[in-house]
Amino acid sequence: MTITIRQCTSEDLHQLQQIGRQTFYETFHEHNKMENMKAYLAKAFTEEKLLSELRNPNSEFFIAEVKGAVAAYLKINTGDAQTEQMEDRDLEIERIYILQEFQKSGLGKQLYQKAVERGQTLEKKRIWLGVWEKNENALAFYEKMGFTRIGEHSFFMGDDEQIDFILVKSIEA
């Protein structure tokens, strides 16, 4: 399988919007009310919001393509772009989302490695992320990658309060 990972620019806005909506829906629709899902997708993946994130110097997006087709994406944050107040030494993986048809193919590991490489290039000491407590596949993946749980925070899907576990790992060389 030929995989290419490239950094996104504003030229990738519509591809990013499409894969963002599709992967989020595929991953979480079975566990959420449809009205909450629709409201979240309408708010989280607007052109304005994504353009703002793409232009933020403390956020980076990467698209993974398999044989030229968009299959997954990664979003990382540093500094004030992080979704929780963390230290300057930290890098956040905000999203690793993979289309269902490409899951369990090694893409997640490659995108995770890309995040680690960026963290090391930026001289970060730790990498962290939030994972929904019911996302068993993601929790198992990050446990396998050596992450440990240090806390939790609330995430609202419409009127439904959900819990994300905060996981962290050292990435010092």
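Among the residues in segment 80-97, are any in contact with a Ser or Thr (Cβ under 7 Å, 6 or more places away or on another chain), outside any helix (DSSP H, G or I) and at pLDDT below 95? Before the answer, list the steps.
We begin by selecting, within segment 80-97, every residue in contact with a Ser or Thr (Cβ under 7 Å, 6 or more places away or on another chain); these are 81, 91-92, 94, 97.
In the following step, the residues that additionally are outside any helix (DSSP H, G or I) were identified as 91-92, 94, 97.
Then keep just the ones that are at pLDDT below 95; that gives 97.
For segment 80-97, residues in contact with a Ser or Thr (Cβ under 7 Å, 6 or more places away or on another chain), outside any helix (DSSP H, G or I) and at pLDDT below 95: present.
Among strands (runs of 3 or more DSSP E) entirely within segment 114-173, having at least 2 residues that are of a type outside the set (Ser, Thr, Tyr) and open to solvent by 70 Å² or more (accessible area, probe 1.4 Å) singles out 148-157.
A single entry from GLY130, GLY146 fulfils the requirement of being touching a strand residue (DSSP E or B) at 6+ places or on another chain (Cβ under 8 Å) and at positive phi: GLY146.
Scan segment 6-31 for residues that are more than 30 Å from GLN162 (Cα to Cα) and open to solvent by less than 50 Å² (accessible area, probe 1.4 Å) and report the count. Break it down stepwise before answering.
Residues of segment 6-31 more than 30 Å from GLN162 (Cα to Cα): 6-7, 9-12.
Next cut, open to solvent by less than 50 Å² (accessible area, probe 1.4 Å) only: 12.
Count: 1.
Residue by residue, here is whether (1) in contact (Cβ under 8 Å) with a residue 12 or more places away in the chain; (2) open to solvent by 80 Å² or more (accessible area, probe 1.4 Å); (3) of a type in the set (A, V, I, L, M); (4) within 18 Å of ARG55 (Cα to Cα) holds:
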{"residue": "ALA81", "(1), (2), (3), (4)": "yes, no, yes, yes"}
{"residue": "GLU94", "(1), (2), (3), (4)": "yes, no, no, yes"}
{"residue": "SER105", "(1), (2), (3), (4)": "yes, no, no, no"}
{"residue": "GLY108", "(1), (2), (3), (4)": "yes, no, no, no"}
{"residue": "TYR112", "(1), (2), (3), (4)": "yes, no, no, no"}
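Touching a Phe, Trp or Tyr at 6+ places or on another chain (Cβ under 6 Å) and under 18 Å from ILE166 (Cβ atoms): does that describe GLU84? Steps first, please.
Details: touching a Phe, Trp or Tyr at 6+ places or on another chain (Cβ under 6 Å): no; under 18 Å from ILE166 (Cβ atoms): yes.
When the stated conditions are applied, GLU84 does not pass them.
Looking only at residues in segment 110-135 that are among the basic types (Lys, Arg) and at pLDDT 95 or above, the one that is farthest from GLN85 (Cα to Cα) is LYS114. Note on segment 144-165: among residues that are free of Cβ contacts under 8 Å to residues at least 12 places away in the same chain and of a type in the set (D, E, K, R), the one that is nearest to ASN32 (Cα to Cα) is GLU161.
The values are calculated or read from the model by the stated rules, or taken from the named source; none is laboratory data. All values derive from a computational prediction rather than experimental measurement. Here the Cβ is made from the backbone with ideal geometry for all residues, glycine too, and neighbour counts use every protein chain on show. Each accessible area value is taken on the protein alone, full model and side chains, heavy atoms only, with ligands, DNA and RNA left out. Shrake-Rupley method; radii C 1.70, N 1.55, O 1.52, S 1.80 Å.
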